[in-house]
Amino acid sequence: MWQWLVVLGLAALIWRYAGRSGDCVIRIRRGQVTIRGKVAAGRRAEIERFLQEQFPDVPRLRIDVSFRRSSRPLRVRIRGPISGGERQLIRNFFTTTL
């Protein structure tokens, strides 16, 4: 029985970390914003300022941004404890900024 639990645990870890992240990954942890990936330096400051002003009390938030390629639109995936309206606010910001 415990072998199945180990297998399920490993499968969950692989699924969690093998998922494709975006071209740019933005994380908020306890008010600190970290940006990893392809973003211009001027845009980084603008993104940090927006997220710190709009979401100062959010404990954890992850935003994966995949940039436009040919006819594919900008893709923004948001993970964290925020409402649908706040998710749309973030999508609108990234659509107009990037």
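The values are calculated or read from the model by the stated rules, or taken from the named source; none is laboratory data. On a predicted model such as this, the values are computed, not experimentally measured, just so you know. Cβ placement follows ideal geometry from the backbone for every residue including glycine, while neighbour counts extend to all protein chains displayed. Heavy atoms of the whole protein, side chains included, go into the accessibility calculation; ligands, DNA and RNA do not. Shrake-Rupley method; radii C 1.70, N 1.55, O 1.52, S 1.80 Å.
Look at the range 40-52 and say how many of its residues are under 17 Å from R91 (Cβ atoms) and free of Cβ contacts under 8 Å to residues at least 40 places away in the same chain. Looking only at that region, the number is 1.
Could you say which residue among I35, I28 is open to solvent by less than 20 Å² (accessible area, probe 1.4 Å) and closer than 15 Å to F94 by Cβ? Walk me through it before giving the result.
Working: I35 fails: open to solvent by less than 20 Å² (accessible area, probe 1.4 Å).
Every option except I28 fails the conditions.
For the range 61-73, the criterion of being in contact (Cβ under 8 Å) with a residue 12 or more places away in the chain, within 18 Å of G22 (Cβ to Cβ) and open to solvent by 50 Å² or more (accessible area, probe 1.4 Å) is satisfied by no residue at all.
One residue alone among L13, L74 is modelled with pLDDT under 85 and touching a Ser or Thr at 6+ places or on another chain (Cβ under 7 Å), and that residue is L74.
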